[in-house]
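Asks: Attaching a single structure in structure tokens format; questions to follow.
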Amino acid sequence: MAFVKMVRSQVHFGAPSLWEVRDAEGHLLLAKGAVVEDDEQLASLLAHGAMVDPEEVKAALAAQALANGKPIEAPAPDPRPASLFALWDKLFWRLERAVKGIKEEAGFPARLDELAQHLALLVERDADIGIFMAVRQDNHRFAIYGLSHAVFTASLCFLMSQRMGWPRERSITLVKAALTMNMSAFELQGRLAAQGVPMLEEQRVILHEHPLQSAQMLREVGVADEEWLTAVEQHHEWPDGTGYPRKLTEMSEMARALKYADVFIAKISPRAIRKPLTVQEAARQLFKIDGGGPMALAIIKEFGIYPPGEFVKLKSGELAVVIRRTASANTPLAVSITDKTGVPVLHVARRETARPEHAITGLVADKSLLTRVPPERLYGLPG
């Protein structure tokens, strides 16, 4: 498959893309059917070397023209508001733009605060969708791993700190620390996620210094909140002195909160070199690390046993995707995407797993079916 550089005319704001967009290495940047909302997101795609398959573009336009019975025209913008999933996706590009323009554009602290506040509002609006996004990560978007990891860790930080009773203002500070903890190494994180070999020594040296470098970048643009800065500097330390970069034995409370959220999201995130841990296994490991402390418990309680995004098998034989947490950690609301024999269905159906006939009997390891079902369809939202 020969890819060519994407051109501006192949993007129509507000309209579902008729083709995939990938980077030069073939990593998916924009899925078919996804929406580019504005110039900001477009600029980020182009900065990542956005490319398209010319044959796919040609076929899609020909099919569109045939269906319309008239000459090829640009698709009309969708008048509907962006879905919540598109708004979450947009956070990645906003974060990237803020970090890349950190020295050229004044007012970085204010822009980061606005981004953190927006993220918190999305979590408050529908936390289940935020968790869904973190659990059901796309294996082909390794190129933006650094950005997505920061956003998913930040959303978990907000949920965890609010559950622990932190004042909202302090939770926002923790969110800002999560968004910026790896800002000096976002591109390296993308390469590490995509490469099929262990970390190289020169990469390890860079990674070892990124907490201090990220904090220094923040200081240079006017960030003076020492709790924020200390959390960034210490988020890879361990109480036994085996962490880095300073091998500290004492960490601030915010640094520990950031560390546990960072570790948990990393464990459930895919890499080219390894599969992600299940949420259940990641929870067990985190509980052991924290000794059953309040931070680990807050994270575990937020995700539950079967969090939104988990792919499960029901007693009925149907395969289903969890979409909502309930008061009971092991009986969430799910949506079946197959019939009782495992064959995909056109019309999905909601299942209350508290009902005996729809009880969850286990996890489904092969998640390939999930890529065929847009998340908006699962939630009954406009795509």
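Asks: Are there any pairs, at least 6 apart or on different chains, whose C-beta atoms fall under 7 Å, with the first in the range 296-315 and at pLDDT 95 or above and the second in a helix (DSSP H, G or I) and polar (S, T, N, Q), and if so, which?
Replies: Final answer for the pair search is Ile305/Gln280.
Asks: Inspect the range 67-90 for any residue being closer than 29 Å to Gln189 by Cα, part of a helix (DSSP H, G or I) and modelled with pLDDT under 80 and give the result as yes or no.
Replies: Taking the range 67-90 first, the residues closer than 29 Å to Gln189 by Cα are 82-90.
Pick out the ones that are also part of a helix (DSSP H, G or I) and you get 84-90.
Checking the rest, the ones that are also modelled with pLDDT under 80 come to none.
Within the range 67-90, not a single residue is closer than 29 Å to Gln189 by Cα, part of a helix (DSSP H, G or I) and modelled with pLDDT under 80.
Asks: Still on this structure, I have one more. So how many residues does the range 263-292 have that are crowded, with 21+ Cβ neighbours inside 10 Å and either of a type in the set (D, E, K, R) or at pLDDT below 95 (or both)?
Replies: So the count comes out to 0.
Asks: Here's a follow-up. Does Met181 satisfy the condition of being surrounded by 16 or more Cβ atoms within 10 Å (Cβ to Cβ) and either more than 30 Å from Ala106 (Cα to Cα) or modelled with pLDDT under 95 (or both)?
Replies: Details: surrounded by 16 or more Cβ atoms within 10 Å (Cβ to Cβ): yes; either more than 30 Å from Ala106 (Cα to Cα) or modelled with pLDDT under 95 (or both): no.
So Met181 fails the test.
Asks: A follow-up question, please. Please indicate, with yes or no, whether at least one residue in the range 365-380 is in a strand (DSSP E or B), of a type in the set (Gly, Ala, Ser) and closer than 21 Å to Phe85 by Cβ. Before the answer, list the steps.
Replies: Residues of the range 365-380 in a strand (DSSP E or B): none.
Checked against the condition, which is being in a strand (DSSP E or B), of a type in the set (Gly, Ala, Ser) and closer than 21 Å to Phe85 by Cβ, the range 365-380 yields no hits at all.
Asks: Could you check, for the range 159-169, whether at least one of its residues is under 16 Å from the mean Cα position of the chain (by Cα), small (Gly, Ala, Ser) and crowded, with 19+ Cβ neighbours inside 10 Å? Full working, then the answer.
Replies: Within the range 159-169, the subset under 16 Å from the mean Cα position of the chain (by Cα) is 159.
Those still in the list that are small (Gly, Ala, Ser) too: none.
Scanning the range 159-169, I find no residue that is under 16 Å from the mean Cα position of the chain (by Cα), small (Gly, Ala, Ser) and crowded, with 19+ Cβ neighbours inside 10 Å, so the answer is no.
Asks: Could you tell me whether Arg97 is within 22 Å of Phe264 (Cα to Cα), basic (Lys, Arg), in contact (Cβ under 8 Å) with a residue 40 or more places away in the chain and outside the structural domain of Leu18 (by TED's automatic domain parsing)? Before the answer, list the steps.
Replies: Values: within 22 Å of Phe264 (Cα to Cα): no; basic (Lys, Arg): yes; in contact (Cβ under 8 Å) with a residue 40 or more places away in the chain: yes; outside the structural domain of Leu18 (by TED's automatic domain parsing): yes.
Taking the combined requirement at face value, the residue does not satisfy it.
Asks: Then there is this: Could you check the range 110-126 and list, in sequence order, the residues that are touching a Leu at 6+ places or on another chain (Cβ under 8 Å), in a helix (DSSP H, G or I) and in contact (Cβ under 8 Å) with a residue 40 or more places away in the chain?
Replies: Step one: filter the range 110-126 for residues touching a Leu at 6+ places or on another chain (Cβ under 8 Å), giving 112, 115-116, 118-119, 122-123, 125-126.
Narrowing the set further to residues that are in a helix (DSSP H, G or I) leaves 112, 115-116, 118-119, 122-123, 125.
Result: Leu112, Leu115, Ala116, Leu119, Arg125.
Asks: Something else about it: Quick check: anything in the range 166-179 more than 30 Å from Ser83 (Cβ to Cβ), part of a helix (DSSP H, G or I) and in the same structural domain as Ala282 (by TED's automatic domain parsing)? If you could, list the steps in order and put the result at the bottom.
Replies: First, pick out the residues of the range 166-179 that are more than 30 Å from Ser83 (Cβ to Cβ): 167, 170.
Narrowing further to those that are part of a helix (DSSP H, G or I): 170.
Now narrow it down to the ones that are in the same structural domain as Ala282 (by TED's automatic domain parsing): 170.
The answer is yes, given that some residue of the range 166-179 is more than 30 Å from Ser83 (Cβ to Cβ), part of a helix (DSSP H, G or I) and in the same structural domain as Ala282 (by TED's automatic domain parsing).
Asks: Among the residues of the range 303-331, count how many are closer than 25 Å to Val373 by Cα and either part of a helix (DSSP H, G or I) or of a type in the set (A, V, I, L, M, F, W, C) (or both). It would help to see each step written out before you state the result.
Replies: Residues of the range 303-331 closer than 25 Å to Val373 by Cα: 303-326, 329-331.
Filter once more, so that each one left must be either part of a helix (DSSP H, G or I) or of a type in the set (A, V, I, L, M, F, W, C) (or both): 303, 305, 311-312, 314, 319-323, 329.
Residues flagged as closer than 25 Å to Val373 by Cα and either part of a helix (DSSP H, G or I) or of a type in the set (A, V, I, L, M, F, W, C) (or both) within the range 303-331 amount to 11.
The values are calculated or read from the model by the stated rules, or taken from the named source; none is laboratory data. Treat the numbers as computed from the prediction; the structure is a model and nothing was measured. Counting neighbours? That spans all protein chains shown, and the Cβs are built from the backbone with ideal geometry, glycine included.
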